[in-house]
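Below is one structure, written out as structure tokens, with a few remarks after it.
The values are calculated or read from the model by the stated rules, or taken from the named source; none is laboratory data. Treat the numbers as computed from the prediction; the structure is a model and nothing was measured. Cβ placement follows ideal geometry from the backbone for every residue including glycine, while neighbour counts extend to all protein chains displayed.
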Amino acid sequence: MNAVIIAGGRGTRLHPLTGDAIPKALVPVAGIPIIHRQFELLSRYGCNEVVVLAGHLHEALEAGCAREAERLGLRLHFRIESQPMGTGGALPSARDLVGNDPFLVLCGDIALEMDVSRLLQFHVEHNAAATLVVHPNDHPHTSDLVLADSDHHILGFLPRGIRDGRYHRNLVFGSVYVLSPAVFDYITPDERQDLNNEVFPRMVADGQRLLAYNTPEYLRDVGTVERLHLVEEDIASGRMARMNWSHRRPAVFLDRDGVLIQDAGPRGTTHPEDVQLHDDAIEAVRAINQAGHLAVLITNQPGVAKGFLTLDVLDEIHGCLDMKLGEGGAWLDRIYVCPHHPDGGFEGERAEFKMDCDCRKPKPGLLYRAARELPLDLGASCFIGDSWRDIGAARAVGIPALGVRTGNGCAASGDVAEPDALFDTVLDAVTYWLQTGRP
């Protein structure tokens, strides 16, 4: 697979470090220019033909890349823009070099550690015109949002500063893409334009198949001095390297109602406005994020089967939860939902969701699904819940079950055992788990 690195920007927010004398892509991150780190990743995954789209200070950039590219065995090509063309407008200059196969695109200010082969496989298997790497971040309220359905299809975009009055899931651009040559049909020649806000929306509007590749791997831009220092801390601690898909990580599975948000009555949470976080929920999830563990929500939502709410409303409820967590710098890596209920007799119930499934807690279906879809170490994980159903799901997969006194307070029911340990709040449970790794 060929790769394209978009590195023509001026990097004005990094001027305190560069003095406008160093191209943004050559800014050292823990002693190594960010583009050299990208070269190493590309070489590791067999992307040996690399096109660099350059502009500002391009002579310095070319000189600063030549020796490293030679060391890694990369065939390096430069395309120079005479005036700023944006991430989309610059791309056609690489058309003759990328061929007719899918190609990888990186923005030159992104620090990443991810399994590129797995990304390409996803793109090919799903026959996508474009695959956009997305992820939850710690500031979704100030980010461009990607709107996608449960089958990964991208439905649209919401640029930062523009919202439509609804709540949406925390999915933002990762500045990494796999594109098929079809993308060139949607780039206006010789015109400055942006991939995220102009080219991709044109493709969606025309019915092209754009997919969201949601990954918990490492993606952070170094476009500001503050973010650059954060990346350096993550490199020094080993956090960045550990977040490649090849490294399994512990997960903290979390129930929703009674653990992260307050119970909203017999019917549960049926409107986004019902979402009220427990006082320490943000701090608890943020602690999981900072520890490098995966924060995975597992929730039964029988209200869908009973007709109390629709899947669209449920998605907006979780969008509200995402945004509230994001306001405090926290995020959930995944949300898994069981919408089923086995019993009938409810006015307005949905027959297609009336079943005895394997995903309704205390059955373990959703936990096993998470283990298949995420790079998590199930045996090193735990479940934090407030009910016997949560305890039962944890027991079914053989992981520790930590209970909280909020919500149902882990009231005993049936033959399910007591939790391994009981805490006043979810933050207490998370803190204990991160400190000890055992019940």
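Things worth noting here:
- Close pairs (7 angstrom Cβ cut-off, 6 or more residues apart or separate chains): closer than 17 Å to K324 by Cα in the range 160-175, small (G, A, S) and modelled with pLDDT under 95 anywhere: R160/S143; V172/S143
- Checklist (1) surrounded by fewer than 22 Cβ atoms within 10 Å (Cβ to Cβ); (2) outside any strand (DSSP E or B) applied to A128, failing item: (1)
- Leading residue by the ranking (farthest from T299 (Cα to Cα)) among those in the range 356-395 that are within 26 Å of the chain's Cα centre (by Cα) and loosely packed, with under 13 Cβ neighbours inside 10 Å: G379
- Residue match in the range 194-202 (condition: farther than 30 Å from V124 by Cβ and in contact with a helix residue (DSSP H, G or I) (Cβ under 9 Å, 6 or more places away or on another chain)): no
- One residue stands out among those in the range 250-304 that are within 20 Å of the chain's Cα centre (by Cα) and small (G, A, S): the one that is nearest to Y218 (Cα to Cα), which is G292.
- Qualifying positions in the range 153-176 - of a type outside the set (A, V, I, L, M) and loosely packed, with under 15 Cβ neighbours inside 10 Å: P159, R160, G161, R163, D164, G165, R166
A quick yes/no check of all residues on (1) modelled with pLDDT under 95; (2) crowded, with 21+ Cβ neighbours inside 10 Å; (3) among the aliphatic types (A, V, I, L, M):
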residue	(1), (2), (3)
V178	no, yes, yes
D190	yes, no, no
V199	no, yes, yes
A205	no, no, yes
Q208	no, no, no
D221	yes, no, no
L228	yes, yes, yes
H247	no, no, no
D263	yes, no, no
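- Residues being within 24 Å of I288 (Cα to Cα) and in contact (Cβ under 8 Å) with a residue 40 or more places away in the chain - total across the range 346-391: 20
- Total residues in the range 319-355 satisfying the condition of being surrounded by 15 or more Cβ atoms within 10 Å (Cβ to Cβ), at negative phi, not hydrophobic (A, V, I, L, M, F, W, C) and not in a helix (DSSP H, G or I): the figure is 9.
- Within the range 57-103, tally of residues that are among the aliphatic types (A, V, I, L, M), crowded, with 21+ Cβ neighbours inside 10 Å and under 30 Å from L211 (Cβ atoms): 5
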